[in-house]
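Q: Next up is a structure, given as C-alpha cells.
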Amino acid sequence: MPFKKITAFIVFISFLYSCGSQTHEVLETQIIPAPTKHTINKGSFTLNSSVGISYTKDFKISAEFLKTFIEEGSQIKLKESKSIAFIKDESISSAEGYSLQIFPNRIEIKAKTDQGAFYAVQSLRQLLPVEFENGTFNEDKVIIPCVTIEDNPQFKYRGMHLDVGRHMFSVNFIKKYIDALVMLKMNTFHWHLTEDQGWRIEIKKYPKLQEVAAFRNETLIGHYSNQPQQFDGKQYGGFYTQDEVKDVVAYAKSRFITVIPEIELPGHSQAAIAAYPELGCTGKQVEVATKWGVFEEIYCTKDETFEFLEDVLDEVLELFPSEYIHIGGDEAPKTRWKTCDVCQNRIKAEGLKDEHQLQSYFIARIETYLNSKGRQIIGWDEILEGGLAPNATVMSWRGTEGAVEAAKQKHNVVMSPTSHSYFDYYQSDNDNEPLAIGGYLPLEKVYSFNPIPEGLSKEESQYILGAQGNLWTEYIPTSKQVEYMVFPRMIAMSEVVWSKPEHKNYADFVSRLEYFHKRLDALDINYANHLFEIEGSLIAEGYQLKTLTKNKSIRFTLDGSKPSINSEVYSKPIPVTKNTMINAAVFNDKEQLGSIFTQTINYHKAVGKKITINVEPNKAYSGSGADGLINGISGSDTRYGDKEWLGFWGDDLEITIDLGEEMDINSIETRFHNGQGQWIYAPNEIWFKFQLADGSTVTDKINTQNEVTKNLVDINYIFTKPKHLDIKVKTIILKIPNYGIIPEGKQGAGNKAWTFIDEIIIN
C-alpha cells in the first residue's frame, strides 16, 4: 500500500457497551515518528486483565516498561502468559529495529536487542488511549486493531540538547525531558552543564565551582539588544550534585538514552575563571557573567589549566559512561591569548602558526587525555579551525560547511545547524510569542530538514551520524517555557532522524500531530499549538491562504473587521491590486480555532516586478527569497529571521530591480536589522543607481545612522530631480557594502558581520 494510504489516519475513539462492561476501541492508528512499514490488517486484539506478557531476560527493560505502563495507566493487571510475547529475532538487521505484529489473539514483538524491542513498545504505546499516559483510563478493556509494523531508524544518533548553564531545571524536569525523548524513539540527551553564566555540576576536588561558579549576582532583564540593559538584582544559581547526576544517568540508561555531558572549553568558561582566576590569562578576579553573549575570558593554555581540566574530566568520566564527552570548542575569542606571554610562548614552543592553531592544540591535548581513558570527544564546528583533532566528532551548528569539511576528512558528524535545529528561535509570527533570542524556525522548516548535506558522496554521507535539536536557555527561565519552545518541534525532529525521507509527508505529519497533542495534554506538557495558524503568500494570482489541518475552513475579511463564523470562506487567491489588509482565521463548523492571521500589503511600484541579487541569502535566513524583498509585505519589527527578512553573512550586496516599464520614482524605503548582540550590523552606507528611460544613469549615496541603541535602521531615500525635467526610471540598483569585521570588544569580534534587509519599497 502507498505510504499516504497506510499512515495518514485519524484516530477515532468509540465506546462500546457490552454485558455491563466498557470497551475502549481504537479503530485506526497513528504513530510518530512514521514507521518504515505499517499495514492495517483485519481483526482486532482485546487488551484486558486476562492478557499476560512473556519474555526472557534479553527483553527485561522493554517488557517491564510495557507492563508498568499498562498497569499504572489503567485498571488492567497483566498475567504471566504468552498473549504479548517478546521474541528474539537475529534476522532483523538493525540493533534498534523491530517488528510489531498484532493478531486477534496475540501480540508479537520481535527484535535483535532489548533496545529494538523497547522502540516497538513505544509504537504499541501510541496504539493505546492517551489516558494511559496519566493513569486516568477507567475502562476494563481496550480493542486494538491488528497491524503489522516493521521499523528501524535512519540515523543512529537521534538527540536533544538542553542548556542548564544559563537557566537550570530540576532533576524531576530533566527526567520528564528524557521521557519525552523516549516516547519519540530518540536515544541521546546532550546535557550542557557549564557556561559563562553558571557551572552546574559538582566537582568535589574544586569546591569553589559550587560556591562561586554556580551563582551569578543578577540576570539580564529583557533582550540583550535592548538599550540601556537592565538587570533584576537577584542572585541566581545552583548545581547538580554528583548523586543527582548519577540518578539522571541511571534513569536515562533504563530507557536506552545516552547522556552526553558538555564541559565547555576553552571558551564559555568565565564562571570557572571567576572561581579560580589563575585559570585565566590575566589572573585577575572576574565575576560570573550576568548577561548573555561571548566573553573574552577563556582558559589560559598554561599547564595548570590542563591539570584542572583533567581533574574535572576525571570526575565527569566517573559519572557518565557515555562513549562521547562534549568539550564545546565554540566561540572562543583569542583576545586574551594574543596578549598573554604564556600563550604566545606556547605558540612558539609547539611550532604553531597562530591562535587558531593554539585552539587546535588545546582541543587535541584534551582529546588525547580522553582517548587515554577510552573516550571520544565531540565539539562544535569551531574545532575545525587550525586543524581537526585526530579522532574528533564534529557537531555542526553554524551551517553545513563544517559538516561537509569534517565528513570529507572522514570524521563523524552530528548535524545541528541553526537553520533547522535551534529551538530557542521564534516558531511563529504571532506578536504574543514569548521573548526569544531571535531568528525564526517554524515547525515545517524543522520537518523539512535533511541531515545529509549537499556536496557529500554516498561514502562520505556515512559519516553523518544523525542530528539533534538544541535549546539554549538565555531567554527561557522556566520548565514550562522549555516545553513550549521544544514542543512540537522536537516531535518533528524525531521524524527527521528516525523516518526515511520516502516515508515523510508534512501534511500527513500535521494530521498525526493534531491527535498527538492529546497525548501531550495527558502528559501535562506545555506545547505550542500553531497547527491552526494560517500561512499566506503573495503569488501571481493574488494573496494565497492555506492551512494544513484537515476538515477545516478559512474565513476572511478585507474591511478591517475580525473574521467570524459568518465571514466569507476562502476558496481561491484573493486579488490584490491596491493596499490591502487581510484578516483570516481557521474555523470548524462551530467556532474559531487558533489566532487571527493579519496581513497588510503595501502595493508599491515594485510589487510583482523582477529582482535579482548578486549573492544568495544564507540558507538559514533565506526568507521568501529575492522576490520577498518586493512583495509588498514587511517583516517583523523584532524577528529578523522570519520569512520576509533576508540574511547575508559577510557579503557585499548588489540588488537590481527591473521595473519593466518607465516610472516616476519619488522615494525608496527599506530597513536593516541592527542586533549587534547577534552579530548583525546595518551597513554604513548605501549606493543608489538609477537607469533612466533615455539610457543614462544617476548615482547617489547615503550614510546610515548605525547606532548601537537602534535595533532597526530605517532608510528613506528621496529621489530628487529638477521639476522641469520628465525623468523616468526603468531600473534601480542598490549597492550595499557589508559592515565588515566585527571590532574588538563587541560580541563576535573578529567575525564577519551579518546584514539583514527587509522590504524595499518603491514610491
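Here, each number is a calculation from the coordinates, and none is a lab measurement. Computed from a predicted model, the values in this text were never measured in an experiment. Reconstructed Cβ throughout: ideal geometry from the backbone, glycine too, with neighbour counts over all protein chains shown.
Q: Which of Lys610/Lys689; Lys110/Lys518; Lys156/Lys518; Lys445/Lys550; Lys504/Lys546 have a Cα-Cα distance over 24 Å?
A: On the way: Lys610/Lys689 16 Å; Lys110/Lys518 29 Å; Lys156/Lys518 29 Å; Lys445/Lys550 20 Å; Lys504/Lys546 20 Å.
Beyond 24 Å between Cα atoms: Lys110/Lys518; Lys156/Lys518.
Q: When only Cα pairs under 8 Å and 6 or more residues apart are kept, what is the percent relative contact order across the stretch 610-762? Spell out each step's value before the answer.
A: Values: 371 pairs, mean separation 51.2, N = 153.
In percent, rounded to a whole number, it is 33.
Q: Now for a separate question. Mind checking the log10 I(q)/I(0) for the stretch 535-601 at q = 0.15, 0.29 Å⁻¹? Debye, one equal scatterer per Cα, no solvent, two decimals.
A: -0.42, -1.47
Q: With a ≥ b ≥ c the root eigenvalues of the C-alpha gyration tensor of the stretch 258-390, is it rounded (a/c under 1.5), prolate (a/b larger than b/c) or oblate? Intermediate values should be presented prior to the final figure.
A: Values: a/c = 1.61, a/b = 1.21, b/c = 1.33.
It is oblate, given that a/c is not under 1.5 and a/b is not larger than b/c.
Q: Follow-up. For a quick protection proxy, order the peptides 738-744, 486-492, 145-151 by their average other-Cβ count within 10 Å, most packed first. Working shown, then result.
A: Working: 738-744: 15.6, 486-492: 25.0, 145-151: 19.6.
Going by the mean number of other Cβ atoms within 10 Å, highest first, we get 486-492, 145-151, 738-744.
Q: To the nearest 500 deg cm²/dmol, what mean residue ellipticity at 222 nm is calculated for the chain from DSSP H runs of n ≥ 4 alone, each contributing -39,500 (n - 2.57), summed and divided by the residues? All intermediate terms of the calculation are to be shown ahead of the outcome.
A: On the way: 17 runs with 166 residues, N = 763.
For the chain, the value works out to -6500 deg cm²/dmol.
Q: Hey, which of these cross-link pairs are over 31 Å Cα-Cα: Lys77/Lys480; Lys208/Lys234; Lys176/Lys302; Lys37/Lys57; Lys291/Lys735?
A: Details: Lys77/Lys480 33 Å; Lys208/Lys234 20 Å; Lys176/Lys302 41 Å; Lys37/Lys57 28 Å; Lys291/Lys735 36 Å.
Going by Cα-Cα distance, Lys77/Lys480; Lys176/Lys302; Lys291/Lys735 fall outside the 31 Å limit.
Q: Could you tell me whether the stretch 316-416 comes out rounded, prolate or oblate from its Cα gyration tensor? Rule is a ≥ b ≥ c as square roots of the eigenvalues, rounded for a/c under 1.5, then prolate if a/b exceeds b/c, otherwise oblate.
A: Working: a/c = 1.94, a/b = 1.32, b/c = 1.47.
In terms of gyration-tensor shape, oblate.
Q: Using Cα pairs under 8 angstrom and six or more residues apart, how large is the relative contact order of the chain, in percent? It would help to have the intermediate numbers written out before the result.
A: Working: 1765 pairs, mean separation 71.6, N = 763.
Over the chain, the number comes to 9 percent.
Q: What's the exposure ranking of Tyr206, Tyr98, going from fewest to most Cβ atoms within 10 Å?
A: Ordered by Cβ neighbours within 10 Å, fewest first: Tyr206, Tyr98.
Q: Hey, another quick one. Output the peptides 121-128, 104-111 sorted from most to least packed, where packing is the average of other Cβ atoms within 10 Å over each peptide's residues. Write out the running numbers ahead of the final one.
A: Details: 121-128: 21.1, 104-111: 19.2.
So the peptides 121-128, 104-111, ranked by packing, come out 121-128, 104-111.
Q: In whole Å, what are the extents of the stretch 344-490 along the principal axes defined by its C-alpha atoms, from largest to smallest?
A: Reported extents, whole Å, longest axis first: 56, 38, 29.
Q: Exposure proxy check: Asp140, Asp341, Asp114 ranked by fewest other beta carbons within 10 Å?
A: If I rank by nearby Cβ atoms, fewest first, I get Asp341, Asp140, Asp114.
Q: Now a separate question. Which entry in [x] 148; [y] 186; [z] 159 matches volume of the Cα convex hull per residue in Å³ derived from the coordinates of this structure?
A: [y]
Q: What nm value, rounded to one decimal, do you get for the distance between Lys88 and Gln462 when each label is placed 7 Å out toward the C-beta?
A: Going by the 7 Å Cα→Cβ label model, 2.8 nm.
Q: Measuring from the lowest to the highest alpha carbon on each principal axis, how far does the stretch 611-763 reach, largest first, in angstroms?
A: Projected onto its principal axes, the Cα set of the stretch 611-763 covers 51, 27, 24 Å.
Q: Find, to one decimal place in angstroms, the Kirkwood hydrodynamic radius of the stretch 416-519, where the mean of 1/r is taken over every pair of different Cα atoms and then inverted. Can you show the working numbers first?
A: Working: mean 1/r = 0.0677 Å⁻¹.
The Cα-based Kirkwood calculation yields 14.8 Å.
Q: Percent of Cα-Cα pairs more than 20 Å apart in the stretch 641-704, please.
A: Details: 820 of 2016 pairs.
When every Cα pair of the stretch 641-704 is considered, 41 percent fall beyond 20 Å.
Q: Follow-up. Can you give the three extents of the C-alpha atoms in the stretch 107-238 along their principal axes, from longest to shortest, in whole Å?
A: That gives 62, 34, 30 Å along the principal axes, largest extent first.
Q: In sequence order, what are the phi-derived ³J(HN,Hα) couplings for the stretch 138-151 according to the Karplus relation 6.51 cos²θ - 1.76 cosθ + 1.60 with θ = phi - 60°, rounded to whole Hz, with x for glycine and proline?
A: Each residue's phi maps through the Karplus curve to give 10, 6, 9, 7, 10, 9, 10, x, 6, 9, 10, 10, 10, 8 Hz.
Q: Still on this model: Wrap a convex hull around the Cα atoms of the stretch 157-499, take a quarter of its surface area, and give that in square nanometres. It would help to have the intermediate numbers written out before the result.
A: Numbers: hull surface 67.9 nm².
That works out to 17.0 nm².
Q: Can you order the peptides 231-241, 624-634, 501-511 by their average number of other Cβ atoms within 10 Å per residue, highest first? Before the final figure, lay out each step's value.
A: Values: 231-241: 14.8, 624-634: 19.8, 501-511: 16.9.
In decreasing order of mean packing, 231-241, 624-634, 501-511 become 624-634, 501-511, 231-241.
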